[in-house]
Amino acid sequence: MVISPQDKKIIRRAPLFAAVSEALLDELLKDARVASYRRGQILFLRGDPAERFYLLLDGWVKIFLDTPSGEQTVIEIMRGGETIAEAAIFLGMAYPASAEVADDARLVEIPAQAFLARLRQDSELALTMLAALSKRLHHLIQHIEKVQAFSTPQRLAGFLLGLTDKTAGEVALRLPYDKSLVAARLGMKPESLSRALAKLRDFGVTTQGDTVRIADIPLLQDFSESEE
């Protein structure tokens, strides 16, 4: 499937491509294709050769590691406009973790070989990509700091607020994936998530199935950033 103008707008949200010209973007994506995936499909497994990387257009993708005991450790949940596994292709290594589609998704698949060949021809472009990777690392560090610094209800409040662009009034949201994955993404156990949801009722948050209603966005925002 070809990349549409609307897909291009989403691609532009990714730090990796935000600063490149339109002509250069077209060149970088000339061998790319858009593919649809169903929930539960595996994109790649840890140790597989990193022959391509991905940009998520819509849906959600879970990045995880399998533990020796057979459990999964969720590293990150990717959302629309984010790139997946680009570091692996830059380093010329195998995928360091596994990726599974957490909700029906569309992704841009970008072959590594042609992409890297273009970077080798343009040192300025390579530096732009390096800066984008540094920005991504900074984002991950911020996420870890939030996990360590805030209470479980505050982390959940921040996550819910991140699902909407609204800054005032009320809003109804659909959880993008299973509550167990939400809990893993926020560094908590499922039972802790349930207790956090109960705590947020005091701040106007109610749930019904996978639908969450926030009655007062500024009130929840203040709580998510406060010192409890």
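The values are calculated or read from the model by the stated rules, or taken from the named source; none is laboratory data. Computed from a predicted structure; not experimentally measured. Heads up, the Cβs are rebuilt from the backbone with ideal geometry, glycines too, and the neighbour counts pull from every protein chain shown. To get the accessible areas, we keep the full protein, side chains included, count just its heavy atoms, and leave off ligands, DNA and RNA. Shrake-Rupley method; radii C 1.70, N 1.55, O 1.52, S 1.80 Å.
Relative to the longest principal axis of the Cα atoms of the chain, the long axis of helix 190-200 makes an angle of roughly 60 degrees.
Residues of region 1-41 falling in the label zone of D58, defined by backbone nitrogen less than 12 Å from a point 7 Å along Cα to beta-carbon, are 6-7, 10. Surface composition of the chain: carbon plus sulfur atoms hold 52% of the accessible area, using a 1.4 angstrom probe and ignoring ligands, DNA and RNA.
In what order, largest first, do T167, T128 sit by accessible area if the probe radius is 1.4 Å? Could you put the intermediate results ahead of the total?
Values: T167 115, T128 45 Å².
Largest to smallest exposure gives the sequence T167, T128.
A crude spin-label estimate for the pair D202 and E51, with each label 7 Å from Cα along the Cβ direction, gives 5.5 nm. Normalising the average separation of contacting C-alpha pairs (under 8 angstrom, six or more residues apart) by the number of residues puts the relative contact order of the chain at 20 percent.
Rolling a 1.4 Å probe over the protein heavy atoms gives region 50-97 an accessible area of 42 Å² per residue.
The angle between the Cα long axis of helix 112-121 and the longest principal axis of the Cα atoms of the chain comes to about 70 degrees, rounded to the nearest 10.
Only helices enter the 222 nm calculation for the chain: every DSSP H run of n ≥ 4 contributes -39,500 (n - 2.57), and dividing by all residues gives -12500 deg cm²/dmol, rounded to 500.
Here r is the Cβ-Cβ distance between D210 and R33 and R0 is 30 Å; the resulting FRET efficiency, rounded to 0.05, is 0.45. For region 29-98, GluC sites (Glu not before Pro) meeting the loop criterion (DSSP other than H, G, I, E, B) and having at most 12 other Cβ atoms within 10 Å: E71.
A 1.4 Å probe run over region 179-228, with the rest of the protein chains in place, finds 58 Å² accessible per residue.
Think of each Lys and Arg Cβ as +1 and each Asp and Glu Cβ as -1; about the Cα centre, that makes the dipole of the chain roughly 220 debye. Near the amide H of L57, within less than 5 Å, lie the amide hydrogens of G81, R106, L107, V108, all on another chain or at least 5 residues away, with H placed in the peptide plane.
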